[in-house]
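This report refers to the structure that appears directly beneath it.
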Amino acid sequence: MISTVPRFDRSLVKKYDRSGPRYTSYPTALQFSPAADPAELLDDCRNTPGPLSVYVHLPFCESLCWFCACTTVITLDQGKADAYLDRLEREIDLMDPHLPSDRSLAQLHLGGGSPSFLSAPQIARLGRILGASFTPAPEPEFSAELDPRTLNEEKVDVLRSIGFTRASFGVQDVNPEVQLAIHRVQPDAMNRKVLAWVRGAGFESVNIDLVYGLPKQTTATFANTLDAALDYAPDRIALFSYAHVPWVAPAQKIVERSVLPSAEEKLDLLEMAVERLTGAGYVFIGMDHFAKADDPLAIAAANGTLHRNFQGYSTRGDLNLSAFGMSSISQSARAYRQNQKDLRDYSDAVDNGRLPVARGYRLTPRDELRRTVIMELMCRFRLDLDKAGADHGVDVREEFAAARKNLTPMEEDGLVEWDGNTLAVTPPGRFIIRNIAMAFDTYARPAENRHARTI
Ligand code: SF4
């Protein structure tokens with residue numbers, strides 16, 4: 001029986017560090033095509049039973065953080081959010097005939113951008129728009145990504161009155177020099193203040209995001225950031241590697257003016273963070289995520305009931321994910337669809353009474369099998385190929401002969417073990433899980449520099 005406690009093996013992490021997808025979907029968004037038939041994608045949504053997980057993309061931010069690769073609209077004009085809410089309301093109306101009959105809302109997530117860019121009355125209006133179309137399921141999970149720099153107590157209270165109980169804060173790093181180098185000044189005292197607000201308002205769960213590999217970071221500065229993060233006592237911590245992809249996010253070219261940590265220094269930061277977080281009792285969930293041992297995510301990971309979707313790891317699976325707003329991605333049983341990424345294109349479509357679907361993907365039966373396989377690995381670190389093959393009516397020996405061959409070096413390095421047709425990821429293998437998953441990805445072309453490096 002393989003231990004379930006992850007073990008960070010620096011030399012192996014370094015050996016297998018290469019670009020790879022994060023597998024919030026399979027196939028990944030790189031396969032989405034404008035040629036996909038929107039009618040077919042929408043049919044799949046209607047035929048996927050509820051309840052629903054709704055995602056709303058709120059793209060506005062007051063200033064651009066130079067490390068950011070999200071789809072954002074930088075503005076100080078609050079009126080833009082009013083016009084955007086008009087369009088969200090219209091988009092939800094346009095989507096109505098394509099939704100399944102069960103409109104109960106099991107999950108709601110506000111992402112961006114910065115949802116806290118919205119004023120308190122705008123957040124209240126968003127709550128009314130959503131409330132008019134969806135009915136909360138029993139014990140719904142409402143979460144929002146919040147920027148401490150634009151949050152205030154009134155906004156926290158409005159979010160809570162709508163039913164939000166989960167808050168996620170981007171902290172990244174508390175060192176003032178690092179913050180200047182990434183154009184995101186957010187003092188430690190501000191973080192503590194907003195945490196007191198959300199906890200005081202009755203939010204049940206707090207996540208904070210940290211980023212390693214940022215300019216000016218050293219092990220000494222990042223040790224202080226980890227101290228602060230642990231002192232904030234969040235329920236969950238996401239520890240992201242800074243993804244330097246200036247071909248996707250041109251502002252990252254500004255980051256290059258500062259000295260970025262070397263690959264070795266990044267490994268130092270990661271190794272230290274893993275030691276500190278697990279030493280403080282946080283459980284490594286997989287792919288950058290840590291949670292307190294009594295957090296539902298950690299319990300789901302231990303029980304083998306963890307799921308993964310566009311928002312990362314989740315305790316709830318098989319939901320029809322309906323996403324609204326520019327660039328948002330929806331997922332139904334056998335299809336993905338993505339909205340227009342540009343605000344003008346999104347607005348034009350909605351203003352003309354069209355759903356703003358820009359591209360999508362209809363899964364083939366083979367994709368469905370490989371999605372099962374990859375999500376099993378990402379969420380459970382274990383894979384019963386015979387069961388997956390039986391569930392999908394496929395001879396796995398033939399289908400995955402190449403994958404087995406690709407995994408041979410990792411098997412020799414003790415990162416995975418085969419027992420017949422069952423694959424187990426060993427404790428050091430857990431830190432390179434996406435590289436292991438790539439062996440089963442028909443579309444992965446590692447030579448191409450289209451993804452960020454895994455570390
Ligand atoms: S990191 Fe967050 S707040 Fe900063 S620009 Fe990106 S989305 Fe906006």
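The values are calculated or read from the model by the stated rules, or taken from the named source; none is laboratory data. Remember, it's a predicted structure, so these values are computed and weren't measured experimentally. Every residue, glycine as well, gets a Cβ built from its backbone with ideal geometry; the counts of neighbours run over all protein chains shown.
Answer yes or no: is there a residue in the stretch 145-164 that is buried (at least 21 other Cβ atoms within 10 Å of the Cβ), within 19 Å of the chain's Cα centre (by Cα) and part of a strand (DSSP E or B). Yes, that holds for at least one residue.
Consider the stretch 65-100 and keep the residues that are part of a loop (DSSP other than H, G, I, E, B), in contact with a strand residue (DSSP E or B) (Cβ under 7 Å, 6 or more places away or on another chain) and at pLDDT 95 or above. The one that is surrounded by the fewest Cβ atoms within 10 Å (Cβ to Cβ) is THR75. Looking only at the stretch 369-412, which residues are crowded, with 20+ Cβ neighbours inside 10 Å and acidic (Asp, Glu)? GLU376 - this is the single residue of the stretch 369-412 that is crowded, with 20+ Cβ neighbours inside 10 Å and acidic (Asp, Glu). Any idea which residue in the stretch 328-368 is surrounded by the most Cβ atoms within 10 Å (Cβ to Cβ), counting only those that are more than 22 Å from the chain's Cα centre (by Cα) and free of Cβ contacts under 8 Å to residues at least 40 places away in the same chain? It comes out as ALA349. Scanning the stretch 113-153 for residues that are at positive phi and within 16 Å of the ligand (Cβ to nearest atom) yields a single hit, GLY113. Within the bounds of the stretch 28-39, is there any residue that is within 28 Å of PRO409 (Cα to Cα), crowded, with 19+ Cβ neighbours inside 10 Å, modelled with pLDDT of 90 or more and within 24 Å of the chain's Cα centre (by Cα)? Among the residues of the stretch 28-39, at least one is within 28 Å of PRO409 (Cα to Cα), crowded, with 19+ Cβ neighbours inside 10 Å, modelled with pLDDT of 90 or more and within 24 Å of the chain's Cα centre (by Cα), which makes the answer yes.
Contact map, the stretch 375-387: residues that are within 13 Å of SER25 (Cα to Cα) and touching a residue at least 40 places away in the same chain (Cβ under 8 Å) paired with residues that are among the charged types (D, E, K, R) and not in a helix (DSSP H, G or I), Cβ distance under 7 Å, separation 6+ or inter-chain. Pairs shown: MET375/ARG308; MET378/ARG308; CYS379/ARG308. Taking the stated definitions as given, is SER133 over 18 Å from the mean Cα position of the chain (by Cα), surrounded by fewer than 20 Cβ atoms within 10 Å (Cβ to Cβ) and under 22 Å from LEU195 (Cα atoms)? So SER133 does not fit the description; no. Please verify whether the stretch 171-188 includes one or more residues that are crowded, with 18+ Cβ neighbours inside 10 Å, within 16 Å of the ligand (Cβ to nearest atom) and assigned to a strand (DSSP E or B). Yes; the residues of the stretch 171-188 include at least one that is crowded, with 18+ Cβ neighbours inside 10 Å, within 16 Å of the ligand (Cβ to nearest atom) and assigned to a strand (DSSP E or B).
Taking the stretch 314-390 as the region of interest, the strands (runs of 3 or more DSSP E) fully inside it that hold 2 or more residues being within 21 Å of PRO21 (Cβ to Cβ) and among the aliphatic types (A, V, I, L, M) are 320-324. List, please: which pairs have Cβ atoms under 6 Å, are six or more places apart or on different chains, and start with a residue in the stretch 167-186 that is farther than 19 Å from GLY113 by Cβ and end with one that is within 14 Å of the ligand (Cβ to nearest atom)? Close Cβ pairs (under 6 Å, with a partner that is within 14 Å of the ligand (Cβ to nearest atom)) amount to ASP173/LEU214; VAL178/LEU214; GLN179/VAL185. Reported count of residues in the stretch 189-222, each being not in a helix (DSSP H, G or I) and not hydroxyl-bearing (Ser, Thr, Tyr), is 14.
Scanning the stretch 36-76 for residues that are within 11 Å of the ligand (Cβ to nearest atom), among the aliphatic types (A, V, I, L, M) and over 22 Å from GLN122 (Cα atoms) yields a single hit, ALA69.
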